[in-house]
Amino acid sequence: MAGRDEQQSTPDDPGTGPERPRRTASRAPGPTGWFGTLGQLDFDIDFFEKLLARNGDSVEVLRTLGELVAKKGDVRRALEIDQRLVALLPNDFLARYNLACSLARAGCSDEAIDTLSRAILLGYDDLAHMEADPDLESLRNHPDFQALLGGE
């Protein structure tokens, strides 16, 4: 998923998107330290979940949390967050792109392609990134995805 203010996404499966290279599975063993037995990624997710509980409409918190849970590989939670971001920012092409990445990772190919189409209509134009984004791997051979890239 890439997207987000130049955001890219790095999901559990590979994945990077326009803004935040978000979604790259990385599970570091839980180092012990001042934050106990949590690994850094789990600590960060917990921290941003608590911030979100205080302000559920914070775009910045949602974007960061979306990136973190995608990196952790929590496809369900990443999809949930990306849907929330699109509800808050319906005309944000990066939010749409990241949602498409989450949908693709969740196995919702047709919906992912529809969402990518909308992201492009809203201004997303990094087709080279879209073609290489690991989050969109499940769409590579789909004729409609190829058409979005200009291949058909």
Check your understanding: Regarding Leu85, is this residue buried (at least 21 other Cβ atoms within 10 Å of the Cβ), in a helix (DSSP H, G or I), hydrophobic (A, V, I, L, M, F, W, C) and touching a Cys at 6+ places or on another chain (Cβ under 7 Å)?
Key -> no
Exercise for review: Please state which one of Ser117, Ser102 is within 20 Å of Ser58 (Cβ to Cβ), in a helix (DSSP H, G or I) and either out of contact with any Leu (no Cβ under 8 Å at 6 or more places or on another chain) or at pLDDT 95 or above (or both).
Suggested key: Ser102
Practice item. Within region 128-147, track down each residue that is free of Cβ contacts under 8 Å to residues at least 24 places away in the same chain and either surrounded by 15 or more Cβ atoms within 10 Å (Cβ to Cβ) or touching a Phe, Trp or Tyr at 6+ places or on another chain (Cβ under 6 Å) (or both). Key: Glu131
Check your understanding: In region 61-71, what count of residues is obtained for those that are touching a Leu at 6+ places or on another chain (Cβ under 9 Å) and farther than 19 Å from Ser138 by Cα?
Key -> 7
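The values are calculated or read from the model by the stated rules, or taken from the named source; none is laboratory data. Note that this is a predicted model, so its numbers are computed, not measured. Heads up, the Cβs are rebuilt from the backbone with ideal geometry, glycines too, and the neighbour counts pull from every protein chain shown.
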